[in-house]
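S.K.: Take this structure, written in structure tokens, and hold onto it; I'll ask about it next.
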Amino acid sequence: MTTSQNDEIWSDRLDNHAERSWNKMQDDFTNVGYREGITKGKEDALQEGFDDGFATVGVPLGRQIGILRGVVAGLLVASRTKDSPLSQLSTQRDLDTLRERLEMLSRRLNSIRLKDIAPRDLQAEAHAREHRDVEKEGTDDALAEAFEELSTTNQLDKSQEIGLISNELRGILESLKIKLPFQL
């Protein structure tokens, strides 16, 4: 074999190796770009979903519960303060009864969580079911378990509980002749 033939063989091998390396590098960059695009798309969709849920579900429900808790807490403090108009109730028994009612309302409000009253997210539940299928294959997915818990919560009872608490608190305020500058 002559030197020129030997150079041609090496040249062909180098060209093939360079082409394979180039193709592999292109494939790798394409795959990385694809994965990054998918990840970015998921993050954007997740953020958009969070923003929407926060504004349309979390804030209004949180505000409603917060107002009820705040009014109950304010009345409890007032009922324990000597110079408060509430301490002027006709008898100590009336004041003790009021405190007991307010403490019970406070406990009931403290037992309510957002997951108990938020509307069901059917898309998230469907997604969780998909992940449960993966769990059966041996992959642990706490998200699926959390959504399963959400789907079994009796939301109607807790929503009704908020209505009952609101009505009872309105009755207490009316009996004390207290008018709030906002609606319960």
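S.K.: Does a label point 7 Å from the Cα of Arg99, set along Cα-to-beta-carbon, have any residues of the stretch 42-81 with amide nitrogen under 18 Å, and which are they?
M.R.: Residues passing the 18 Å test: 72-81.
S.K.: Which order do Glu125, Glu174 take by accessible area at a 1.4 Å probe, largest first? Show your work: numbers first, answer last.
M.R.: Working: Glu125 10, Glu174 135 Å².
Highest to lowest solvent-accessible surface, that is Glu174, Glu125.
S.K.: While we're looking at this one, here's another question. Taking the convex hull of the Cα atoms, report for the stretch 33-81 its projected area averaged over all directions, in nm². Write down the numbers at each step before the final one.
M.R.: Details: hull surface 17.3 nm².
Hull-based average projected area comes out at 4.3 nm².
S.K.: Here is a follow-up. Quote the accessible area belonging to Asp51 in square angstrom, nearest 10, computed with a 1.4 Å probe and with ligands, DNA and RNA left uncounted.
M.R.: Counting only protein heavy atoms, the figure is 80 Å².
S.K.: Sticking with this structure for a sec: Sorted by accessible area with a 1.4 angstrom probe, largest first, how do Val72, Val59, Val77 fall?
M.R.: Working: Val72 0, Val59 50, Val77 90 Å².
Per-residue accessible area, sorted high to low, gives Val77, Val59, Val72.
S.K.: Let me check something: with ligands and nucleic acids excluded, how do Arg113, Arg20 order by accessible area (1.4 Å probe), largest to smallest?
M.R.: Working: Arg113 125, Arg20 150 Å².
I get Arg20, Arg113, largest accessible area first.
S.K.: Would you kindly find the accessible area of Thr30, with a 1.4 Å probe and non-protein molecules such as ligands, DNA and RNA excluded, rounding to the nearest 10 Å²?
M.R.: 90
The values are calculated or read from the model by the stated rules, or taken from the named source; none is laboratory data. If you're wondering where the values come from, they're calculated on a predicted model, not measured in any experiment. Glycine gets a Cβ as well: all are built from the backbone with ideal geometry, and neighbour counts include every protein chain shown. Each accessible area value is taken on the protein alone, full model and side chains, heavy atoms only, with ligands, DNA and RNA left out. Shrake-Rupley method; radii C 1.70, N 1.55, O 1.52, S 1.80 Å.
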